[in-house]
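Q: Mind looking over this structure? Questions follow.
The values are calculated or read from the model by the stated rules, or taken from the named source; none is laboratory data. All of these numbers come straight from a predicted model, not from anything done at the bench. Here the Cβ positions follow ideal geometry from the backbone for every residue, glycine too, while neighbour counts run over all protein chains shown.
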Ligand code: ATP
Ligand code: ZN
Ligand code: MG
């Protein structure tokens, strides 16, 4: 993708420019083009890639500039460098800069443009022209927008959209790491249907939500106990409680604000808690038996954020802005304090894809080496559990989550930073490993948990540092209890006689307390 920037700017001064002042402008333009704009640009960069004032003129109080660039000293960066220089130069003539107007700003991206790409609908974009090999954007921006790097972010956004479209689904970046031996098929029905038949679970009143009866919870707790005893405790993780309402502030830093919107359960607050403000709503319900949704909508503020989506982002404000002592690293914590919520729309299925689910989230951080080492220990421990305790037919595979694809981590398999300081090649390890279990009833595979090495994404986002200024990395692993249960029951069935001994011992006899007539 080739990118070109071009802008026309007017620099307005408090007084008319004398001919001496004009000479000074000419000198500054030449100096800018030959020296100033080339500062920091790698040697050998093509001239046309570097910002350059291609035309200029002076009329009365105003300097008119036309600046063009490729991706080095972009047109707007050149403008600000020139501004600094010219204010000093013209200060000598008692001329002061009153303001900068951007009369035109064009961006041109050329390369292969995928069909169906959507140009963002933003107030900065006055018009655009979209062809199969070129996008031209006509912007309406102020000098403040340019200082806020709007053109750079816009280009990044469009490049990400192009990359996401050519990246396609998860499937393309799925590399098998390990597959267990196939297991004899003991059970071939859908475990959710069977759980419902036996009254282990019943639909909750909300969409994608189940009420788990005692028998189902016995399984959840048994799995939780396995995770605690075989993984969390031996590896030294400590329990914390992460909040389950996530405000925008957290998602802005975790990166979820870039694209999680279609799956959020949004949270709003009342405009006031004054009972008289809400009296109409209660009255309406008392008389009609209906809850007046539209009336409520008008009395709400927000949304202020959403219900827990991924569990770990809410942990980070605990250490935000801090520098952690080497002695406390790696930090190892976990949370199992509440539900996660995702609007799965039509994708809802059984207990394995629901809108409300239960997950143990394991989080760790430290140096790159420590982070990778812990991920390896987790992989080992999980391996042990799935082979020797749950006796599952399972596999694990390296996948690339969308945020890493977006941030350009996929092609090189490298995190986009400072890995040269590390000898163990951990840069190549940034990414996610999904664990999948075979579902005999549908002859398909279900992701039931994952382990992610997130590189410096979270420490950067939440401004967390470690002693000695070493790069700080983190990882997380989400153990989905519904998914473990679905995987286990799909393979082993619901009859306890067919379960591995260790599981039988942990679960105990199904506790049947409801007798329906
Ligand atoms: P999928 O591709 O199946 O939608 P995901 O990639 O969205 O999964 P992650 O965001 O990686 O899942 O979430 C981590 C873990 O959370 C999953 O491995 C799974 O155990 C659990 N999980 C995610 N979404 C759901 C859901 N809708 N219902 C139940 N468990 C879920
Ligand atoms: Zn996480
Ligand atoms: Mg999902």
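Q: Got a number for residues in the range 438-485 being within 16 Å of ligand 3 (Cβ to nearest atom) and part of a loop (DSSP other than H, G, I, E, B)?
A: Of the residues in that region, 0 qualify.
Q: Oh, and also: Taking residue 28, is it out of contact with any strand residue (DSSP E or B) (no Cβ under 8 Å at 6 or more places or on another chain), surrounded by 18 or more Cβ atoms within 10 Å (Cβ to Cβ) and assigned by TED's automatic domain parsing to the domain that holds residue 147?
A: Details: out of contact with any strand residue (DSSP E or B) (no Cβ under 8 Å at 6 or more places or on another chain): yes; surrounded by 18 or more Cβ atoms within 10 Å (Cβ to Cβ): yes; assigned by TED's automatic domain parsing to the domain that holds residue 147: yes.
When the stated conditions are applied, residue 28 passes them.
Q: While we're on this one: Take the range 321-354 and flag every residue that is farther than 29 Å from residue 485 by Cβ and surrounded by 15 or more Cβ atoms within 10 Å (Cβ to Cβ).
A: The first filter runs over the range 321-354 and keeps only residues farther than 29 Å from residue 485 by Cβ, leaving 321-331.
324, 329, 330, 331, listed by residue number.
Q: Of the numbered conditions (1) touching a strand residue (DSSP E or B) at 6+ places or on another chain (Cβ under 6 Å); (2) within 16 Å of ligand 3 (Cβ to nearest atom); (3) in a loop (DSSP other than H, G, I, E, B), residue 392 satisfies every one except a single condition; which is it?
A: (2)
Q: I'd like to check something: does the range 302-318 contain any residue that is closer than 16 Å to residue 462 by Cβ and loosely packed, with under 15 Cβ neighbours inside 10 Å?
A: Yes, the conditions are met somewhere in the range 302-318.
Rundown of residues vs (1) within 17 Å of residue 29 (Cα to Cα); (2) in a strand (DSSP E or B); (3) touching a residue at least 60 places away in the same chain (Cβ under 8 Å); (4) touching a helix residue (DSSP H, G or I) at 6+ places or on another chain (Cβ under 6 Å), yes/no style:
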residue	(1), (2), (3), (4)
53	yes, yes, no, yes
78	yes, no, no, yes
86	yes, no, yes, yes
89	yes, no, yes, yes
99	no, yes, yes, no
104	no, yes, yes, no
114	no, no, no, yes
129	no, yes, no, no
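Q: Right, next: Could you give every pair whose Cβ atoms fall below 7 Å, whose first residue belongs to the range 186-212 and is not assigned by TED's automatic domain parsing to the domain that holds residue 439, and whose second residue is modelled with pLDDT under 95 and not in a loop (DSSP other than H, G, I, E, B), counting only separations of at least 6 or pairs across chains?
A: Note: pairs meeting the criteria are 186/498.
Condition check ((1) touching a strand residue (DSSP E or B) at 6+ places or on another chain (Cβ under 9 Å); (2) within 16 Å of ligand 1 (Cβ to nearest atom); (3) more than 27 Å from residue 342 (Cα to Cα)) across all residues:
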position	(1), (2), (3)
426	yes, no, yes
434	yes, yes, no
445	yes, yes, no
459	yes, no, no
474	yes, yes, no
487	yes, yes, no
497	no, no, yes
500	no, no, yes
504	no, no, yes
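Q: OK, next. Has the range 290-297 got at least one residue that is more than 16 Å from ligand 2 (Cβ to nearest atom) and in contact with a strand residue (DSSP E or B) (Cβ under 8 Å, 6 or more places away or on another chain)?
A: So the first thing to find is which residues in the range 290-297 are more than 16 Å from ligand 2 (Cβ to nearest atom), and the list is 290-297.
Pick out the ones that are also in contact with a strand residue (DSSP E or B) (Cβ under 8 Å, 6 or more places away or on another chain) and you get none.
Within the range 290-297, none of the residues are more than 16 Å from ligand 2 (Cβ to nearest atom) and in contact with a strand residue (DSSP E or B) (Cβ under 8 Å, 6 or more places away or on another chain).
Q: Among the residues of the range 265-287, which ones are surrounded by 10 or more Cβ atoms within 10 Å (Cβ to Cβ), in a loop (DSSP other than H, G, I, E, B) and either modelled with pLDDT under 95 or out of contact with any helix residue (DSSP H, G or I) (no Cβ under 9 Å at 6 or more places or on another chain) (or both)?
A: Residues of the range 265-287 surrounded by 10 or more Cβ atoms within 10 Å (Cβ to Cβ): 265-272, 277-285.
Now restrict to residues that are in a loop (DSSP other than H, G, I, E, B): 265, 271-272.
Of everything in the range 265-287, just one residue is surrounded by 10 or more Cβ atoms within 10 Å (Cβ to Cβ), in a loop (DSSP other than H, G, I, E, B) and either modelled with pLDDT under 95 or out of contact with any helix residue (DSSP H, G or I) (no Cβ under 9 Å at 6 or more places or on another chain) (or both), namely 265.
Q: Go through the residues of the range 323-333 one by one and say whether even a single one is assigned to a loop (DSSP other than H, G, I, E, B), within 21 Å of the chain's Cα centre (by Cα) and over 16 Å from residue 361 (Cβ atoms).
A: Step one: of the range 323-333, the residues assigned to a loop (DSSP other than H, G, I, E, B) are 325, 329-330.
In the following step, the residues that additionally are within 21 Å of the chain's Cα centre (by Cα) were identified as none.
No, the conditions are met nowhere in the range 323-333.
Q: If you don't mind, there's one more thing I want to ask. With respect to residue 387, determine if the residue is within 16 Å of ligand 3 (Cβ to nearest atom) and either out of contact with any strand residue (DSSP E or B) (no Cβ under 7 Å at 6 or more places or on another chain) or modelled with pLDDT of 95 or more (or both). Walk me through how you get there before you give the answer.
A: Working: within 16 Å of ligand 3 (Cβ to nearest atom): no; either out of contact with any strand residue (DSSP E or B) (no Cβ under 7 Å at 6 or more places or on another chain) or modelled with pLDDT of 95 or more (or both): yes.
No.
Q: Still on this structure, please answer the following. Looking at the structure I just gave you, is residue 125 over 22 Å from residue 7 (Cβ atoms) and either outside the structural domain of residue 162 (by TED's automatic domain parsing) or under 30 Å from the mean Cα position of the chain (by Cα) (or both)?
A: no
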